[in-house]
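Following: one structure in structure tokens, then a few remarks.
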Amino acid sequence: LDDPYSLPPRSYFFSAAGPSVKIHSVATGEVVSTLTPPPTPPPAPGAGGSSQRRDAALTAAIVSPHNPFQLITGSLDGLVRVWDFLDGALLQTIDIAQPIFHLAAHEGLPKCVFVAAARPTKKKSKGA
């Protein structure tokens, strides 16, 4: 991109590619950038957090209603990430320790993101 700040935020669309997000130009359809999370070490024993860390698929992505150049993603490893997608910078990571299936935010609720997550279910034993 020559000057990405001169383009309106709606000049891009996003697609999930495993744990990464590809940023496409609306004008050409070409991939102009990719957001790839850093490797996340497994949590320490007894520290909580998700045990499914490496290459967890993205399951949700929304553009921040407060900053049109920030993308918020959620994934099966329980991590919510806030990205500056023009700079390709990871701004914040929040571990909710549950697989994430949906994200929502509202412009009237600054600094809030609503997360739909799943708790692990206990397996029922046969004969019980």
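Read-outs: derived from the displayed coordinates by stated rules, not from any lab. Keep in mind the model is a prediction, meaning the values are calculated, not measured.
At-a-glance table
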{"read-out": "Percent of Cα-Cα distances greater than 16 Å, calculated over region 59-99", "value": "31 percent"}
{"read-out": "Table column - 3J(HN,Hα) (Hz), region 14-28, Karplus curve with 6.51, -1.76, 1.60, x for Gly and Pro", "value": "10, 9, 7, 9, x, x, 9, 10, 9, 9, 10, 7, 5, 5, 10"}
{"read-out": "Residues with amide H under 5 Å from that of residue 12, placed H, sequence gap 5 or more", "value": "26"}
